[in-house]
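Worksheet: one structure, shown below.
Since every read-out is calculated from the coordinates, none of them should be taken as a lab result. The model shown is predicted, which means the values in this text are computed figures rather than measured ones. Here the Cβ is made from the backbone with ideal geometry for all residues, glycine too, and neighbour counts use every protein chain on show.
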Amino acid sequence: MSPDSSSCTVPDLAGKVFIVTGGNAGIGRETVMGLASHGARVYMGGRSKQKAMDAIVEIKEKLPSADIQYLHLDLSNLESVTEATQTLLKRETALHGLVNNAGIMGVPFSKTKDGYEIQFQVGARSWKARAFRVLTTTAVQTNYLSHFLLTKLLLPLLLSTAKSSSPGSVRIVNVTSDGHQIFENKGGICFDDIELKSVSTMKRYGQSKLANILHAKELNRMFGPESPGRDGKIWVAAVHPGHIDTDLGKQATGVAPTYVLRIMRFMTRLLRILDEPERGASSSLWAIASKDFEESSSGAYIVPYMKIGKPSAAAMDGTLASKLWNWTEDQLRQKRLLG
């Protein structure tokens, strides 16, 4: 780990259990390493078992005692999300942290088998938007919806763990992006046209990243330190990791000629416009495990690096957050994925 990603004070995590989606590469991998290096058992959620096992082997070369488990999780398939939670619940009786990190970026408009625009279901990540606006992404299922379902199904275990633990022991982090501001849609979430097929791909990206923040906001209202329930309290944060040099942009197709995208990736690395994944993981580690992350920060939007930031007006709209939560639950109930 670099000095940047280890600069936050992470306590001994022995006996604690975490899940990191998209943990085999980039920011997710560094987050897995950071947690495992402090003794946690970490489940690396991902679609490809081979890629995950390769990553685990490489991590164990640096951290021989790391307790990292593979959890099959295909965010483009809501049934896979349900199966992943069932697997986790059979293995563990406690869960101390969930990092909703996985994402895709720059893929053409398409739908998942569940019928949702792929980014909104699966996920997308930040990039140097002001400099490279031609990169884009399809957004609904990957970015938001699957992570909502994963979180919802794991909430009972998270809450029971929190109830039997000290304050701040159980946390949720949604990895988002400043793209929610740069590519903001009028009104925030377009419920009447959730796919936004007729607008730019970056508008779809922006909507999905806004949904991540609103999800965190509503989680904090319902289950955070100041929530009215008597059950255990969960600390929550939405994290913009910065503009990070990962392989995410390699997925960008159909939005610019391939040679243009290759030149852009080369120039960002040559000019060091993008930061390393270790730095990108620092804010996630801070929010999910550091003792320096305070109770009063629960529900906050975190910006580089390990700082409280101010999101868009739509991202601070509590009414919109509640509406999105209810809309999402209705969608999942219609598919009989929630009771």
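Its Cα centre serving as origin, region 149-216 has a Cβ charge dipole (Lys and Arg +1, Asp and Glu -1) of approximately 200 debye. In this structure, the amide hydrogen of GLY45, modeled 1.01 Å from its nitrogen in the peptide plane, lies closer than 5 angstrom to those of VAL20, THR21, GLY22, GLY23, LEU71, counting only residues at least 5 positions away or on a different chain.
Fewest Cβ neighbours within 10 Å first, please rank HIS96, HIS72 accordingly.
Details: HIS96 24, HIS72 14.
By the 10 Å Cβ count, ascending, the order reads HIS72, HIS96.
Full extension of the chain between THR9 and GLU61 gives 16.3 nm of extra length, using 0.36 nm per residue less the Cα-Cα distance.
Relative to the compact-globule scaling 2.2 N^0.38 Å, provide the ratio for the alpha-carbon radius of gyration of region 20-85.
Details: Rg = 11.4 Å, N = 66, 2.2 N^0.38 = 10.8 Å.
The reported ratio for this selection is 1.05.
Taken one residue at a time, the phi angles of region 317-323 give Karplus couplings (6.51, -1.76, 1.60, θ = phi - 60°) of 7, x, 5, 5, 4, 5, 5 Hz. Gly and Pro are set to x. Gyration tensor analysis over the Cα atoms of region 139-228 returns equivalent ellipsoid semi-axes of 30, 12, 10 Å (largest first, whole Å). Among GLU294, GLU278, the ranking by other beta carbons within 10 Å of each residue's beta carbon, starting with the fewest, stands as GLU294, GLU278.
Going from the fewest other Cβ atoms within 10 Å to the most, the residues TYR301, TYR43 appear in the order TYR301, TYR43.
Taking θ as phi - 60° and the Karplus parameters 6.51, -1.76 and 1.60, the scalar couplings of region 214-222 work out to 4, 4, 4, 4, 6, 4, 5, 5, 7 Hz in sequence order, x denoting glycine and proline.
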